[in-house]
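Data first, discussion second: the structure below is written as structure tokens.
The values are calculated or read from the model by the stated rules, or taken from the named source; none is laboratory data. Small disclaimer: the values here were computed from a predicted structure and weren't measured. Ideal geometry is used to build each Cβ from the backbone, glycine not excepted, and the neighbour counts take in all protein chains shown. Surface accessibility is based on the protein's heavy atoms, side chains included, excluding ligands, DNA and RNA. Shrake-Rupley method; radii C 1.70, N 1.55, O 1.52, S 1.80 Å.
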Amino acid sequence: MKDALTRTLVRLLIVPVASVLAVLMAGAPGAQAATDLSVVARELRESPVYVDPGARDILAPSDAQALADKIEDADKPVFVAVLPAGYPTQDLFRNLRTETGVTGLYGIRLGDAFDARADSSVLSRDGVRNLVTAVQGAGDAKAQLNDFVDDALRNTGGSAPSSWSEGSGGNAPVGGLITVGAVLAAGGVGAYTLVRRNRRRHEEEQRAALEKLRVVVDEDITAFGEELDRLDFHPSESGADDAMRADYEHALDAYEQSKSYMAQARKPEDVRAVTQAVEDGRFSLARLAARREGRPLPERRPPCFFDPRHGPSVTDATWTPPGGATREVPVCAADRTRLADGLDPAVREVDTDYGRRPYWDAGPAYGPWAGGYFGGGLLPGLLVGTMLGGMMAGPGYATDYGAGYGDFGGYAGGDVSGADFDGGDFGGGDFGGGGGFGGGDFGGGGGDFGGGF
């Protein structure tokens with residue numbers, strides 16, 4: 001973000017020249033021919049927003065610049081291309097991704113239509129579909145693309161490609177640089193205001209994420225308290241021994257700690273300590289119950305993956321989510337039975353802007369929540385292919401939501417991968433069916449492609 005102001009000022013010098021050239025080109029023979037996709041890709045490697053000369057009536061240069069600045073300030077690998085309605089559509093997303101060679105989320109406004117695709121490690125297919133669906137009724141291109149970018153910046157993992165910052169300061173004319181320097185000197189107050197505004201926006205987003213988490217964590221703490229009541233243990237009851245009393249005291253302490261930690265939480269990362277305390281307390285209750293009933297003490301296991309409120313897991317079970325890869329997950333006895341009977345597990349769903357969703361597809365703030373329950377090394381395998389797993393793989397995630405959740409592969413959105421990417425992420429009937437996005441199912445299939453959860 002430190003180079004955002006410099007980039008903006010350099011563009012202000014370049015845009016008038018580019019506009020004159022565009023006007024001259026508009027009257028030249030063949031000006032209406034489709035821009036070669038390699039040109040589009042080259043421009044996207046330099047800036048996150050590209051508007052084709054034949055689509056200037058769709059999005060004005062000033063609006064495109066504002067959109068690009070917003071993306072660059074957020075340091076996210078989000079790409080937007082605005083193309084005329086007659087642009088060739090065959091394999092457009094896949095070919096554009098191949099030409100840019102950069103991992104990220106790609107949104108294309110083509111005439112009046114809009115769709116998007118993403119590398120699954122940046123955003124899951126459900127995440128892309130939700131973003132596209134949410135902006136279908138957003139009105140004109142300016143409103144639609146701003147809504148898309150705002151939602152994308154909150155949900156996309158990784159960071160922006162380095163070429164955006166490198167391309168802004170390389171070969172600018174000496175006179176232009178002098179002008180930039182003069183404007184920078186005069187605009188110190190403006191730069192300070194911009195930094196403050198972005199910091200304030202970031203803090204507001206963190207507070208909003210914490211408030212969503214507060215609802216879910218309060219449900220967890222309440223459920224834990226109800227378990228304590230149902231156990232109905234009294235330290236002085238007949239048959240109680242020191243080991244039982246120690247387990248009970250530990251569970252009570254964990255219950256009080258979880259409430260105290262949540263009351264002190266100021267950012268989503270703080271929630272991790274809360275769910276760690278709840279998980280620890282639930283295990284103490286499981287030990288106490290086993291002692292009272294004369295059963296062998298349970299081994300220390302993570303809670304049920306589908307809903308930690310189910311308590312400690314009893315085994316690992318093979319589970320294949322719709323459209324995703326098979327994995328081993330820790331399950332409670334009830335979910336083990338459901339899976340064995342061919343039924344769906346009882347999944348923990350939470351409120352999102354798109355309705356009730358499983359917690360692993362509900363947004364980045366649930367990383368600390370899940371991390372407190374499942375620890376470091378276990379989490380990546382459980383969340384592989386999910387929206388949350390993709391977000392936590394980005395290097396920028398730790399800044400906002402904390403680190404230490406395990407090895408998510410060191411993935412960074414915006415990496416240069418060339419043509420080495422999962423073509424399924426950018427396929428799925430792309431612009432097929434008579435020119436409609438997603439095989440004719442425009443709006444409904446946005447991002448409905450392979451490589452997701």
Checked the range 92-154 with the C-alpha gyration tensor, a ≥ b ≥ c its square-rooted eigenvalues, rounded below a/c of 1.5, otherwise prolate if a/b is larger than b/c and oblate if not; verdict oblate
Given unit charges at Cβ for Lys, Arg (+) and Asp, Glu (-), the dipole magnitude of the range 238-282 about its Cα centre in debye, nearest 20, is 360 debye
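Could you work out Rg/(2.2 N^0.38 Å) for the range 29-116, with Rg from alpha carbons only?
On the way: Rg = 12.3 Å, N = 88, 2.2 N^0.38 = 12.1 Å.
Expressed relative to 2.2 N^0.38 Å, the Cα Rg reads 1.02.
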Burial-style ranking of 277-288, 322-333, average other-beta-carbon count within 10 Å with highest first, yields 277-288, 322-333
Residue-normalised value, i.e. accessible area per residue, for the range 281-413 at 1.4 Å probe, in Å², stands at 40 Å²
Subtracting the Cα-Cα distance of Arg207 and Asn146 from 0.36 nm times their residue separation yields 19.8 nm
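Given the pairs Lys76/Lys267; Lys212/Lys259; Lys70/Lys259; Lys142/Lys267, which span a C-alpha to C-alpha distance of over 26 angstrom in this model?
Working: Lys76/Lys267 21 Å; Lys212/Lys259 16 Å; Lys70/Lys259 38 Å; Lys142/Lys267 32 Å.
Those over the limit are Lys70/Lys259; Lys142/Lys267.
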Averaged over all viewing directions, the convex hull of the alpha carbons in the range 223-367 casts a projected area in nm² of 10.4 nm²
In whole percent, the fraction of accessible protein surface over the range 250-316 that belongs to carbon or sulfur atoms, probe radius 1.4 Å, stands at 45 percent
Packing-ranked peptide list from 68-75, 137-144, highest mean Cβ count within 10 angstrom first, is 68-75, 137-144
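Could you state the orientation-averaged shadow area of the convex hull built on the Cα atoms of the range 233-296, in nm² to one decimal? Write out the running numbers ahead of the final one.
On the way: hull surface 18.0 nm².
Over all viewing directions, the range 233-296 projects a mean Cα-hull area of 4.5 nm².
Order of 230-238, 103-111, 80-88 by packing, highest average Cβ count within 10 Å first?
Ranked by mean Cβ neighbours within 10 Å, highest first: 103-111, 80-88, 230-238.
Rolling a 1.4 Å sphere over the protein heavy atoms, what is the accessible area per residue of the range 214-261, to the nearest Å²?
Values: 2730 Å² over 48 residues.
Each residue of the range 214-261 exposes 57 Å² on average to a 1.4 Å probe.
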